[in-house]
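Asks: To start, I am sharing the structure in question, which I have written as structure tokens.
What follows draws every value from the coordinates through simple rules; no lab data is involved. Source: prediction; values computed, not measured.
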Amino acid sequence: MSPDETTRAISLLNRILEQELAGVVRYTHYSFMVFGHSRIPIVSWLRGQAAESLTHAQQTGEMITHFGAYPSLGIGPLLDSNETDIATMLRESLAAEKAALGLYRELLTLAEGRSVLLEEFARQMVFAEETHAGEVDKMLRRPGDVAAATGHAVQS
């Protein structure tokens, strides 16, 4: 990669890091706000998502320092409508996941044919984010509905 492309990649990686750190906070916060008879499995799932976001943040930070740059201490936007119903939390989660997916796709486009390391990292993260967005979409569907809840399937 050229020095300019490396600078752009580091900038993207820092934005991804901030987005993933926001996911840690968001999913943890959501886990506090679940009530009712389905609380235990939903809280467990949300906390698992927080842990996954932390893992992604750690991997991204390691990638930033691999390129000799300083990882951001910022945090991405925290979507919160202050609603406590699970469907609203899931819709907010899906919006945040799609934003992260967009950043990973942008990184993939930048890295393709220029850096195997970044290209493979971006591919793995796109796979993980698409899988997660698909699961959230399934959770938003009514039992028995096959069609995507968001009006379209998550596409690569």
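Asks: Give me the percent relative contact order of the chain, please, defined on Cα pairs under 8 angstrom at least 6 residues apart.
Replies: 25
Asks: Also: Each residue of the range 117-124 in order: what ³J(HN,Hα) in whole Hz does its phi give by Karplus 6.51 cos²θ - 1.76 cosθ + 1.60, θ = phi - 60°, with x for Gly and Pro?
Replies: 4, 5, 4, 5, 4, 4, 4, 4
Asks: On a 0 to 90° scale, report how tilted helix 86-111 is relative to the longest principal axis of the chain, with both axes built from alpha carbons and the result rounded to the nearest 10.
Replies: 20
Asks: Follow-up question, since we're still on this one. Find the relative contact order for the range 26-72 and round it to a whole percent, using C-alpha pairs within less than 8 Å whose residues are 6+ positions apart.
Replies: 31
Asks: Rounded to whole Å, give me the distance from the Cα center of the range 51-107 to that of the range 1-15.
Replies: 18
Asks: Any chance you could give the angle, 0 to 90 degrees and rounded to 10, that helix 3-32 forms with the longest Cα principal axis of the chain?
Replies: Approximately 20 degrees, to the nearest 10.
Asks: If you don't mind, there's one more thing I want to ask. In deg cm²/dmol and to the nearest 500, what is the mean residue ellipticity at 222 nm of the chain if only DSSP H runs of at least 4 residues count, each as -39500 (n - 2.57), divided by the residue total?
Replies: Here the helix-only value at 222 nm equals -25000 deg cm²/dmol.
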